[in-house]
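What follows is a set of notes on a single structure, which appears directly below.
What follows draws every value from the coordinates through simple rules; no lab data is involved. It should be emphasised that the depicted structure is a prediction, and the values quoted were computed from it without experimental measurement. Every residue, glycine among them, receives a Cβ derived from its backbone with ideal geometry; neighbour counts consider all protein chains shown.
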Amino acid sequence: MPLAATAIAGRQLIPRPLLAVGIAFSLLPDLDGIAFLFQIPWDSPLSHRGLTHSFAFALICAALATLFAQRLKADRLRVFAFLAICMASHGILDAFTHRGGGVALLWPLDHSKFAFGFRPILTVPIQPKRLFSAEGVAVLQSELLWVWLPLTALVVLGRCLRAVLPWHWSALEAVLLAPPSQQRQALIAIKKPSKLNNPRKRSRGNKSMLP
Ligand SMILES: [Zn+2]
């Protein structure tokens, strides 16, 4: 998810340090795998796919990360939104996996673990022996088909929209990159290209004047 979002939005909106932390945040929820070592009961919020996979945890971690916004080379709102999406997307994708008994997405409001009705993604086996076997290959194939392929389609769609609507994208970028007090001015400063200023139309017009 962080790589796809950066491929669509570009490095200006999501600088390298923010992308690096976004990748770390998208993996962070699985640190709760340590729960298996301590044999924590499955219905506990501290179990695997418990509170660390919830939307609330993603929001709290993203909010804490805004304290380091300057180091991440982005404003606080961008840091919060990007990192919250990166981390929350992990729990959502886990809820599409075919095994595992669901994810506590709504903790602390609801301690139950949710799973979607449609669960095509195969669960990654914990034992390394199973990972490097035919099962591991099947997991990789299902992730390519149900995670990487849709994300690639999303990136292509996003890039096409940027190419088709360049002015709208520039306006959005200018507003997001400007300090809050200057966002209005930044938006006004972007002039919508008129037909007269369109170089393609101008060159066509010049051609018609040739003998
Ligand atoms: Zn997980």
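Number of residues in the range 13-34 that are part of a helix (DSSP H, G or I), more than 12 Å from the ligand (Cβ to nearest atom) and not charged (D, E, K, R): the value is 10. Of all residues in the range 102-115, those that are touching a residue at least 12 places away in the same chain (Cβ under 8 Å) and surrounded by 20 or more Cβ atoms within 10 Å (Cβ to Cβ) have Cβ atoms under 6 Å from Cβ atoms of residues that are in a loop (DSSP other than H, G, I, E, B) and hydrophobic (A, V, I, L, M, F, W, C), 6 or more apart or on another chain, in V103/A95; K113/A104. Counting the residues of the range 90-125 that are away from the ligand (no atom under 11 Å from the Cβ) and of a type in the set (S, T, N, Q) gives 1.
Of all residues in the range 38-76, those satisfying the criterion of being of a type in the set (A, V, I, L, M) and touching a residue at least 24 places away in the same chain (Cβ under 8 Å) are L51, A56, A58, L59, A62, A65, L72, A74.
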